[in-house]
Structure formats: C-alpha cells, structure tokens
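Take a look at the structure below.
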Amino acid sequence: MSDLPRTVRISEEGPREGFQIATTPVPTADKIALIDALSATGVSRIQVASFVSPKRVPGWADADAVVAGFTPKPGVTYTALWFNPQGLQRALAYKDRLAISGSITVAASEAFSLRNLNRDRAGQIAAQRENVAEHQAAGVPVTRASVQAAFGCNFQGDITPAQAIGAVADAMAIATETGCAIERISLADTMGWANPLQIERVVGEVRSRWPDQKVSLHLHDTRGLGIANALAGLRMGVADFDAAVGGAGGCPFAGHPGAPGNIATEELVMLCEEMGIATGIDIDALIAAGHLAERVLGRTLPSALLRGGSLTAFRAKARAA
C-alpha cells in the first residue's frame, strides 16, 4: 500500500561525504565554492564538514577554515559531523553558522562497530551514554537516533530486521534513560546491502514500534539499488532523506574502496518531482553543482543524471514545437 508524501526534505551531504574520501587533497577554496553553489540550488540543509581527526580523515584537516569561509544563505540550515568532545567543541565555535544538535549513534552490525570505532555493542552503548552527557553539559540537544549498517554489512553479512530493530531499541533506551527528546530515527544503509523489500520491512517495523517518530533514510548506491530503495521508502511515507550531489561520498571504513557512495541528490530530486513530490530544489542548478563537484574532486561521479541531464530542455523544446 503506497503512502507517498507530498513533500520531502533532502539533506545534502555531498561536501562532507565527498571530501572525506577524496584520494587527492582538495583546496579549501574549492570546497567552499561547492558549498556556496549547493546553497543556491534550493537545498534546505547542507552538511558542510566533519570535525574529526586529520589522521583518520585527512580530507577534513581544514574543517575549521571551510566552516568559517562559506557564505550562509538565508533559509538554508548548515550542519557538521563530529564523534567526540573535541569535535563538539570545535563545532560550538561556529554556532552562529551551524545548527548544532547531537545524535545517539549505534550500529546494527557489531563487526562494523568494532572495525569503525573499536567498540563492541556494550562498549558503544556506554560510549553513547557519555556522548549524551557531554552534549547535555554543553547545552546541546540530542534529537536523533541513528543506526549504521541497518541493512547489511561487508564484515558481518546480512542484517535481519530484528537486528536492526534491536539497534534502534538500544538507541531509544539510551534516550529514555538520559531524557533526550528524539525527533527522528535515521536508518543508514552504510555499505549498500539494502533492497526495496528490506526497506519496507525495517521501516514498517520501526513505525510499528515507535509510531510517533519520524523516519529518515541514508542510502548508498554501492550495488545500484539506491534509487529503488528510495522509492520503497517514499512508498512507506518516508519524507526525509540524506543524499550527496553526484553520488559523491561513501564510508571510508566500509571496506569497499571505489564503490559508488550515497544516492545522488539530483537523481532523488528527479524521482520525487516526476512523481509529483515537491522538493523545492532546482534540478538544473543541482546538476550544474554536480559538474562542479566533479571538477573539484577530479573524477567522474557515478550519477547517471550528470550524463543524461534533466528533462527541462526537452520539455521546453516539445512545447515550442
């Protein structure tokens, strides 16, 4: 049964995702130029940087300079990513430019958690309790429960819906224990294992267990099913997605170098708009930003729409004929 939303919110993560796995250094000015170009497309939310260790993620050694340098556009929310108290404090230095909120982050795959964070399930739960305490001490609300590897893992294999729900339950239990007002449950297909039926089952079970929570999807196109999975989410009524211009990005700790990353923002926008779901985004401006991303990153991005273009010019030509 289809429950398509009338509008969707797309969080653009191309800058943060793309630059974190860039194989060659990207000048700070080029990163800023891409953020400013994306700001002009109608995207309402952009994740602009990661405040992380430059030893772990060299592509974000200049995070402070990028955040200080882009030009904020009214109506656009800018966010960043961090994983520890040091990163939080760096983000707080830019609270006049960034929307600062926290997340309780767990993984449905213990193998991925060990590989990514060197923590088992119990260790990650303990770490997230500390994470919440640090945010609360800084006066930062924790509003999201996020589950990584919610649909499958390159290190552990298949993830069942029960395992995904168990991870959500871990996060929500921490929220209850610490008094966090969670507004959204985010399900991430971190390594591109999901299929549409799996999306329906997991989203459906999350909705059944936590009916008052909004659900968002962070999908990767590693094996070509990203947009099909987005459609499955839309049919379940999901109205909140992460995406990356051009399909840039991917998890640097997923054990699959060179694979396509996040679903391409412009492809998601086209899917929605062609189905009558409003995004508020100018698809041709977004495609232009995608070509800029290719020049900045120095490689061809996986988005088919960057090759084929939108239907705007063809429709205008047909009307004029």
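Here are some notes:
- Leading residue by the ranking (nearest to Gln213 (Cα to Cα)) among those in segment 152-167 that are part of a helix (DSSP H, G or I) and open to solvent by 10 Å² or more (accessible area, probe 1.4 Å): Ile165
- Within segment 111-123, considering residues that are within 17 Å of Ala188 (Cα to Cα) and polar (S, T, N, Q), the one surrounded by the most Cβ atoms within 10 Å (Cβ to Cβ): Ser113
- Scan of segment 177-234 for residues that are farther than 26 Å from Phe155 by Cα, of a type in the set (Asp, Glu) and assigned to a helix (DSSP H, G or I), ordered by number: Glu177
- Any helices (runs of 4 or more DSSP H) falling wholly within segment 273-321 and containing at least 3 residues that are at pLDDT 95 or above: 283-297, 305-308
- Check on Ala230, open to solvent by 10 Å² or more (accessible area, probe 1.4 Å), on the phi < 0 side of the Ramachandran plot, small (Gly, Ala, Ser) and under 18 Å from the mean Cα position of the chain (by Cα): no
- Per the conditions (1) part of a helix (DSSP H, G or I); (2) farther than 21 Å from Arg16 by Cβ, the sole criterion not satisfied by Leu268 is (2).
- Cβ separations smaller than 9 Å between residues 6+ apart or across chains give the following pairs from segment 74-98 residues that are within 13 Å of Val48 (Cβ to Cβ) to residues that are open to solvent by 70 Å² or more (accessible area, probe 1.4 Å): Trp82/Gln89.
- Screening Arg97 on (1) open to solvent by less than 50 Å² (accessible area, probe 1.4 Å); (2) in contact with a strand residue (DSSP E or B) (Cβ under 7 Å, 6 or more places away or on another chain) shows it passes everything except condition (1).
- When Gly308, Gly280, Gly290 are checked against the criterion of being open to solvent by 40 Å² or more (accessible area, probe 1.4 Å) and within 19 Å of the chain's Cα centre (by Cα), a single residue qualifies: Gly280.
- In segment 21-51, the residues that are among the hydrophobic types (A, V, I, L, M, F, W, C), part of a loop (DSSP other than H, G, I, E, B) and within 12 Å of Asp62 (Cβ to Cβ): Ala22, Val26
- Taking segment 1-20 as the range and being surrounded by fewer than 23 Cβ atoms within 10 Å (Cβ to Cβ), basic (Lys, Arg) and not in a loop (DSSP other than H, G, I, E, B) as the test, only Arg9 passes.
- Filter result (under 18 Å from Gln20 (Cα atoms) and touching a helix residue (DSSP H, G or I) at 6+ places or on another chain (Cβ under 7 Å)) within segment 40-53: Ile46, Gln47, Val48, Ala49, Ser50, Phe51, Val52
- Residue selected from segment 113-151 under the condition without any contact (Cβ under 8 Å) to a residue 12 or more places away in the chain and assigned to a loop (DSSP other than H, G, I, E, B), by the criterion farthest from Gly179 (Cα to Cα): Asn118
- Matching entry among Ala137, Ala108 (being open to solvent by 60 Å² or more (accessible area, probe 1.4 Å) and either modelled with pLDDT under 95 or over 21 Å from Gln47 (Cα atoms) (or both)): Ala137
The values are calculated or read from the model by the stated rules, or taken from the named source; none is laboratory data. What you are looking at is a predicted structure, and each value in this text was computed from that prediction instead of being measured. Neighbour counts run over all protein chains shown; Cβ positions are idealised from the backbone, glycine included. Please note that ligands, DNA and RNA were not included when accessible areas were found on the heavy atoms of the full protein model with its side chains. Shrake-Rupley method; radii C 1.70, N 1.55, O 1.52, S 1.80 Å.
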